[in-house]
Structures are given as structure tokens and as C-alpha cells.
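Engineer: Quick one: this structure, given as C-alpha cells, is what I'll be asking you about.
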Amino acid sequence: MISLAGRDILHSWGKFVLTGIGLGLLIGATLTMAGVYRGMVDDAQVLLTNSGADIWVVQKDTQGPYAEASNIRDDVYRSVLGLPGVAQAANVTYLTMQVLHGARESRSMVVGFEPGQPGEPTYLVAGRRLLRGHYEAIADVKAGFRLGERIRIRRHDYEVVGLTQRTVSSGGDPMVFIPLKDAQEAQFLKDNDAIITDRARTAANPALNRPGVPGLLDAVNAAQTVNRSVNAVLVKVGAGSTAETVAQEIRRWKHLQAYTRVQMEEILVAKLIATSAKQIGMFLAILTVVSAAIVAFIIYTMTLGKIREIAVLKLIGTRNSSIAGMILQQALGLGLIGFVVGKISATLWAPAFPKYVLLESGDALRAFIVVMLVCTLASTLAIRAALKVDPAEAIGG
Amino acid sequence: MDQGIHIEGLSKRYGAGDTAVDALKEVNMSIAPGEVVGLVGPSGSGKTTLLKCLGAVIEPTRGRMTLGGEVIYDSAQGGWKTKDLRALRRDRIGFIFQAPYLIPFLDVTDNVALLPMLAGRANGVSRARALELLQALDVAHRAKAQPSELSGGEQQRVSIARALANQPPVILADEPTAPLDSQRALAVMRILNQMASQYQTAIIVVTHDEKIIPIFKRIYHIRDGRTVEEAGEGRDIS
């Protein structure tokens with residue numbers, strides 16, 4: 001038996017393929033939206049993996065350092081190191097800011113870390129690690145900096161000595177790694193004018209500038225300019241201990257908040273990007289409905305254009321199931337072309353997106369099934385119209 | 001007359017009560033195998049209704065129809081003798097329309113071969129049958145062409161081949177010459193006469209085309225749902 005659907009598609013393949021391409025671009029947009037969500041989740045996981053930590057110690061009653069602001073003293077790590085089961089503990093700071101690069105700016109997350117400790121970038125694609133204590137930086141390639149270039153963070157210039165890849169914040173901003181001391185200064189130190197004003201204000205305060213207490217004013221001024229804060233302490237657990245046990249100890253004895261990797265993932269994925277995920281979910285739902293409406297409209301219009309032929313086919317004895325099959329196959333064919341075009345276009349344009357777009361095979365498979373289901377559903381309207389055609393319409397009068 | 005088509009007391013009423021319309025009233029017709037008869041009448045006289053009843057597309061209200069020696073409809077015995085009217089139309093009735101209405105996405109051969117294929121015959125057998133008919137109708141050289149590539153006359157010949165594909169005992173032709181000029185109309189009628197004779201098929205040609213009316217040996221005039229048989233001129237066009 002002849003494949004009526006196949007012949008019809010071959011007969012008007014130009015129209016069919018163009019329609020499929022149009023649908024495909026829509027499917028490509030849908031796949032990309034799913035890829036954006038996957039990319040956000042992956043960014044969050046990569047962020048945690050790159051930190052090299054098993055536990056994040058942060059300010060009590062906060063969900064820092066990525067989801068909320070966290071501020072703890074920089075000597076906390078010493079007491080954490082003393083706890084049983086802790087192999088390594090290191091201070092770290094995170095600050096999202098505009099990093100100047102010549103006349104350009106790049107939105108980046110500046111990370112302050114201590115070399116050889118958790119928080120240091122584990123893999124460089126070019127250049128070297130930090131060797132000097134100050135004014136050197138390692139940047140993610142996405143920031144657009146090159147080796148040897150100078151970038152400005154707050155009041156100091158830094159030389160880019162190394163490049164990493166896939167080190168981004170949960171918001172997708174590339175990371176710039178600098179020495180901890182520099183990062184603390186960049187984040188917490190006030191500018192010179194503010195320091196001078198503060199000193200004058202302190203000197204004018206009789207409680208802090210007592211003639212009978214020499215050295216008090218100097219001590220207060222020093223306390224105002226010396227920064228002793230970090231955003232978190234990254235902890236690596238030793239062999240034989242579990243992250244949860246050590247985290248419990250930290251919560252109990254140090255009056256700090258400690259999150260394990262699982263808990264931190266929960267904060268990042270379920271809380272930090274939850275709204276974005278819902279937003280994307282809404283887009284996906286709308287795009288699915290729009291795709292279904294387009295397929296339904298196209299197949300319905302194509303069927304209406306063949307009403308006379310369908311009447312003739314019915315009159316000469318074609319089964320209803322053959323006619324319904326023809327329409328269904330055309331809808332599925334359109335879906336197949338659309339899916340292939342969508343997958344190819346999403347793969348081509350995904351790298352051009354500013355944020356990471358992760359196209360997973362599982363998502364593609366699910367999308368394929370959804371496209372086929374949507375096309376099947378969308379064809380019902382046209383099938384209904386075709387089955388209603390009276391074979392008598394082929395006979396005049 | 002056992003073969004061919006016989007219609008006795010065929011009536012068709014649309015609607016009911018005060019608004020009922022009797023489109024056909026006690027129509028009697030008898031056409032022998034190999035015979036081509038004309039069915040002539042003004043618009044609204046019931047030609048199309050009769051064609052639809054004969055084509056098993058609508059159900060008559062009353063009467064009896066016999067096709068190829070077999071009763072296909074008898075209102076006294078519950079109506080249609082088969083529930084599968086689709087198969088009845090496919091296997092036992094050929095249709096030729098005013099326009100050829102070829103399936104645009106099938107080539108000429110497959111337009112003709114589709115019917116035997118629908119009847120369950122193998123593709124090869126169906127295509128061989130199609131080619132045989134296309135040869136007989138002198139369009140075999142366009143066997144691979146698409147319908148849109150054919151002239152009007154060629155399209156009409158292919159539609160005649162399609163009507164003959166399952167060797168039906170009767171062909172219903174609905175104004176097959178209406179869009180054609182005199183010469184082409186005569187050519188189509190010549191072909192119908194040849195095919196009727198060659199395949200022993202009864203052909204009913206619905207027409208109000210003055211050019212071809214003199215060709216019929218027998219004509220049924222239909223007016224207000226009633227038919228009157230009269231002898232035609234039977235002009236020789238061979």
C-alpha cells in the first residue's frame with residue numbers, strides 16, 4: 001500500500017520543510033530554555049566542586065556565602081582546625097563586583113583565597129598559580145581577560161597570571177581569584193577619604209580621645225582600618241570522618257552555621273535558583289502550548305486544503321483509519337523535522353549565550369517524546385475535520 | 001437483464017413533516033453491461049441525489065437497487081444489503097467527476113493503482129492493472145507524471161482509468177464533459193463508449209451538455225424527481 005502521508009510530504013516538501021524549520025526554531029528555543037536551567041544547576045554544582053570543600057562554615061543564622069551575606073572573623077578557621085575530623089580549614093571571601101579592564105568592565109565574582117588551601121582554583125587552562133602575596137590574579141576565561149593583562153579591583157591593579165575554565169558564580173559570573181589579604185581589603189577596607197573622616201570623627205569623640213589614656217585613640221583608629229573579616233571558612237574533612245558529623249560539631253561548639261555539600265546544593269539549587277527555575281518552567285509551558293497550537297494550526301490548515309481530495313479518497317473506498325493515519329504521520333513528520341532542526345539550532349547557538357547552556361541528552365529525549373505527543377494531540381483537530389468530510393462532497397450538487 | 005444496474009421505485013425524501021422534500025419519486029432505470037446512458041435534467045431536478053443514491057453515498061427512502069445481478073439495496077428488506085458501503089463503492093462502483101479530482105500527491109500510475117491497492121491487491125498487480133488501463137486510454141506515456149503536469153484531457157482520461165481500476169459493473173459519471181470544449185467532450189464520450197464496450201461496464205452519464213446529448217442511444221430525463229426514458233439519437237462518434 002502506498003504511504004499517502006509520505007507521498008503528500010514529498011509532493012509539497014518545500015512547504016513542509018520550511019514549516020518544519022519554523023517549528024524547529026521554536027523547539028530550539030524550548031530546548032535552550034531547558035538548557036539554561038540545566039546550566040544554572042550545573043554552575044551551582046561546579047561552584048561547589050571548585051571550592052574543594054566538604055563543609056562551608058558561615059555566620060550563624062545565615063545561608064551564606066552564596067545565597068546570603070556572611071561575615072565571620074578571620075581567626076575562626078584556627079578553632080575549626082582544632083576540631084576532630086577536620087583536615088583543612090581556610091578563609092575565603094566572595095564579592096561580586098565590576099572589574100575594570102582598561103576602558104571595559106566585566107561583572108565578576110572576586111574570590112579571595114589562600115594558596116594551597118580549599119578555595120584555590122584546582123585546574124588552570126593557561127598560565128600559572130599565584131606566587132606573590134599581592135596583586136596577582138587568576139581569572140576565568142569567560143571574563144575575557146588575557147594572560148599578562150592588568151585589571152583593576154577597587155584601588156589596586158592586578159596582573160592576570162593564570163586562566164581557569166568553568167569557574168563561575170551561581171549567577172553565572174566568571175570568577176577572578178586574588179590573594180585573601182587583597183580580597184579582604186577590596187571588600188572591607190574603606191577608601192582613604194572615609195578613613196580620614198572616621199579618624200576625625202573618632203578624635204572629636206571625648207570618650208575615645210581621653211587625655212589621660214594615651215594610645216586609646218591610636219588603638220581605636222587601628223581597629224577601624226584593620227580588617228579581620230572573611231565570608232566563610234571552607235573545611236575539608238579528614239579520612240574516617242563524615243561531613244555531617246564534623247558540621248554538627250561546628251554548629252554545637254562554635255556557634256556558627258556549617259553546611260555540608262548536600263545542604264549547600266539544596267540552598268543553591270532549591271532556594272537560590274528556585275525562582276529562575278519557575279520562570280523557566282513557565283516559559284517552557286508557554287512554548288510547549290505555542291508549539292502545539294502551531295502544529296495544530298498547520299496540520300489543520302493543510303488538511304482543510306485537501307478536503308476535496310479527502311472526500312474523493314473516502315468516496316473511492318479509503319478507510320477512515322488510513323486518512324487519520326495520513327494526517328497523524330504528517331504531524332509526526334513535522335514534529336520530527338522540527339525536533340531535528342531544534343536540536344541542531346540549540347546546539348549551534350548555545351555557546352553564544354552569555355550564561356552556560358547545558359543541553360543534556362536526557363532532556364533532548366524527553367523533548368522528543370513531548371514533541372511527538374504534542375504533534376499527536378495537535379493532529380486530532382485535523383483528523384476530526386477530515387473524518388467529518390462527507391464523501392458526497394466529491395459529487396457535485 | 002441480470003447484469004448491469006436496475007433501479008425500481010427509488011425514492012428519496014429529505015426532511016420530515018411540512019418541510020419534507022421529495023427529491024426522487026419512484027425512479028425506475030435499467031442499464032445493461034456495456035451500455036452508456038445519459039441522465040439529463042435541469043438544476044435541482046434530482047440528478048445529483050440519484051447519483052448519490054446509486055453511489056451508496058446517501059440512503060434512499062424507498063426502492064430497490066440491483067448491481068451486477070446482486071441486490072445492494074432493498075427498503076422492503078431493511079435497506080442496504082451490506083454494512084460496508086465503503087467497500088461497495090470501492091469494488092463495485094466507479095466514479096468520474098466533473099473535474100478529474102486526481103490525488104495531487106500521487107503520480108498518474110498510483111492514482112489509478114490506489115483503488116486495487118485499497119481493495120487489498122498487491123502493489124505490483126495493482127500497478128500492472130493501472131498501466132494496462134493507461135495504455136488502453138492512451139496516457140501510458142504519462143504514467144510517471146504528476147497530475148499537475150497533465151493537460152485537462154489527459155487528467156480526465158486518468159480519472160476514467162481510475163474509475164475502471166477495480167472493474168466495477170457500473171460507472172457513475174457526473175458531468176464529465178462540462179469543462180471541456182466540443183472536441184474534447186466528444187473525445188471523452190468516445191472513450192467512455194469504448195471502455196463500456198471493452199470492459200462490459202454500465203455507464204450513467206449525468207449531463208446537461210447539449211454537445212453530447214445526441215450521442216446517447218438511451219436517455220433518462222429527470223424532472224422534479226421523476227425519470228422518463230426516451231430513445232436518443234445514438235450518433236456515431238467512433
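Engineer: If the Cβ limit is 8 Å and pairs must be 6+ apart or interchain, which residue in the stretch B:92-121 that is without any contact (Cβ under 8 Å) to a residue 12 or more places away in the chain pairs with which residue that is surrounded by 23 or more Cβ atoms within 10 Å (Cβ to Cβ) and aromatic (Phe, Trp, Tyr)?
Structural biologist: Correct list of pairs: empty, since none qualify.
Engineer: Filter the stretch B:34-58 down to the residues that are at the interface with chain A (Cβ under 10 Å from one of its Cβ atoms), open to solvent by less than 30 Å² (accessible area, probe 1.4 Å) and of a type in the set (S, T, N, Q) and list them by number.
Structural biologist: Passing the criteria: only B:Thr49.
Engineer: What single numbered condition from (1) in contact with a helix residue (DSSP H, G or I) (Cβ under 8 Å, 6 or more places away or on another chain); (2) surrounded by 13 or more Cβ atoms within 10 Å (Cβ to Cβ) fails to hold for B:Tyr220?
Structural biologist: (1) is the only condition that B:Tyr220 fails.
Engineer: Take the residues in the stretch B:68-94 that are touching a helix residue (DSSP H, G or I) at 6+ places or on another chain (Cβ under 7 Å) and modelled with pLDDT of 90 or more, then tell me which one is nearest to the other protein chains (Cβ to nearest Cβ).
Structural biologist: Across the stretch B:68-94, the extreme among qualifying residues is B:Arg90.
The rows are residues; the columns are (1) closer than 19 Å to A:Gly6 by Cα; (2) over 28 Å from the mean Cα position of the chain (by Cα); (3) in a helix (DSSP H, G or I).
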site	(1), (2), (3)
A:Tyr259	no, no, no
A:Ile267	no, no, yes
A:Thr275	no, no, yes
A:Val289	no, no, yes
A:Thr301	yes, yes, yes
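Table: residues versus (1) hydrophobic (A, V, I, L, M, F, W, C); (2) away from every other protein chain (no Cβ under 11 Å).
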position: A:Ala274; (1), (2): yes, yes
position: A:Ile299; (1), (2): yes, yes
position: A:Lys306; (1), (2): no, no
position: A:Lys314; (1), (2): no, no
position: A:Gly335; (1), (2): no, yes
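Engineer: Which of the residues that make up the stretch B:14-42 are free of Cβ contacts under 8 Å to residues at least 60 places away in the same chain and out of contact with any Lys or Arg (no Cβ under 8 Å at 6 or more places or on another chain)?
Structural biologist: Selection gives B:Tyr14, B:Gly15, B:Ala16, B:Gly17, B:Asp18, B:Thr19, B:Ser30.
Engineer: Only residues that are surrounded by fewer than 24 Cβ atoms within 10 Å (Cβ to Cβ) and more than 13 Å from chain A (Cβ to nearest Cβ): list them for the stretch B:158-169, please.
Structural biologist: Selection gives B:Gln167, B:Pro169.
Engineer: How many residues are part of a strand (DSSP E or B), closer than 21 Å to A:Tyr123 by Cβ, open to solvent by less than 10 Å² (accessible area, probe 1.4 Å) and of a type in the set (S, T, N, Q) if we restrict to the stretch A:47-92?
Structural biologist: Adding up the residues that qualify gives 0.
Engineer: Considering each of A:Lys343, A:Lys314 in turn, give the residue that is of a type in the set (D, E, K, R), crowded, with 18+ Cβ neighbours inside 10 Å and more than 22 Å from A:Gly6 (Cβ to Cβ).
Structural biologist: A:Lys343
Engineer: Here is a follow-up. So in the stretch A:220-249, with the set limited to residues that are in contact with a Gly (Cβ under 8 Å, 6 or more places away or on another chain) and assigned to a helix (DSSP H, G or I), which one is surrounded by the fewest Cβ atoms within 10 Å (Cβ to Cβ)?
Structural biologist: Result: A:Thr245.
Engineer: In the list A:Ala285, A:Ala324, which residue meets the criterion of being assigned to a helix (DSSP H, G or I) and touching a residue at least 24 places away in the same chain (Cβ under 8 Å)?
Structural biologist: None of the others qualify; the one that does is A:Ala324.
Engineer: Out of the residues in the stretch A:169-214 that are within 29 Å of the chain's Cα centre (by Cα) and part of a loop (DSSP other than H, G, I, E, B), state the one that is farthest from A:Thr122 (Cα to Cα).
Structural biologist: Checking each candidate, the answer is A:Gly171.
Engineer: Does the stretch A:250-293 hold any residues that are open to solvent by 60 Å² or more (accessible area, probe 1.4 Å) and aromatic (Phe, Trp, Tyr), and which are they?
Structural biologist: Hits for the stretch A:250-293 are A:Trp253, A:Phe283.
Engineer: Hey, among the residues in the stretch A:350-371 that are open to solvent by 80 Å² or more (accessible area, probe 1.4 Å) and among the hydrophobic types (A, V, I, L, M, F, W, C), which one's nearest to A:Asp173 (Cα to Cα)?
Structural biologist: So, considering only residues that are open to solvent by 80 Å² or more (accessible area, probe 1.4 Å) and among the hydrophobic types (A, V, I, L, M, F, W, C), the one nearest to A:Asp173 (Cα to Cα) is A:Phe353.
Engineer: Could you give me the residue pairs with C-beta distances under 9 Å whose first residue belongs to the stretch A:291-303 and is assigned by TED's automatic domain parsing to the domain that holds A:Gln330 and modelled with pLDDT of 85 or more, whose second residue is among the basic types (Lys, Arg) and part of a helix (DSSP H, G or I) wherever it lies, and which are 6+ apart or on separate chains?
Structural biologist: Matching pairs, first to second residue: A:Met302/A:Lys15.
Engineer: Which condition number in (1) open to solvent by 10 Å² or more (accessible area, probe 1.4 Å); (2) within 14 Å of chain A (Cβ to nearest Cβ) is the one that B:Phe97 fails?
Structural biologist: Looking at each condition in turn, B:Phe97 falls short on (1).
Engineer: Just checking, which of A:Val141, A:Val161 is surrounded by 15 or more Cβ atoms within 10 Å (Cβ to Cβ), at pLDDT 90 or above and under 26 Å from the mean Cα position of the chain (by Cα)?
Structural biologist: Selected residue: A:Val141, the only one of A:Val141, A:Val161 that is surrounded by 15 or more Cβ atoms within 10 Å (Cβ to Cβ), at pLDDT 90 or above and under 26 Å from the mean Cα position of the chain (by Cα).
Engineer: Here's another thing I want to ask about it. Hey, could you check the stretch A:381-393 for residues that are in contact (Cβ under 8 Å) with a residue 60 or more places away in the chain and either touching a Lys or Arg at 6+ places or on another chain (Cβ under 7 Å) or open to solvent by 50 Å² or more (accessible area, probe 1.4 Å) (or both) and say which is farthest from the other protein chains (Cβ to nearest Cβ)?
Structural biologist: A:Leu381
Engineer: Run B:Leu118 past the list (1) among the aliphatic types (A, V, I, L, M); (2) more than 10 Å from chain A (Cβ to nearest Cβ); (3) open to solvent by 10 Å² or more (accessible area, probe 1.4 Å) and report the number of the one that doesn't hold.
Structural biologist: Exception for B:Leu118: condition (2).
The values are calculated or read from the model by the stated rules, or taken from the named source; none is laboratory data. Model, not experiment: these values are computed from the prediction. Every residue, glycine as well, gets a Cβ built from its backbone with ideal geometry; the counts of neighbours run over all protein chains shown. Heads up: the accessible areas ignore ligands, DNA and RNA and are worked out on the full protein's heavy atoms, side chains in. Shrake-Rupley method; radii C 1.70, N 1.55, O 1.52, S 1.80 Å.
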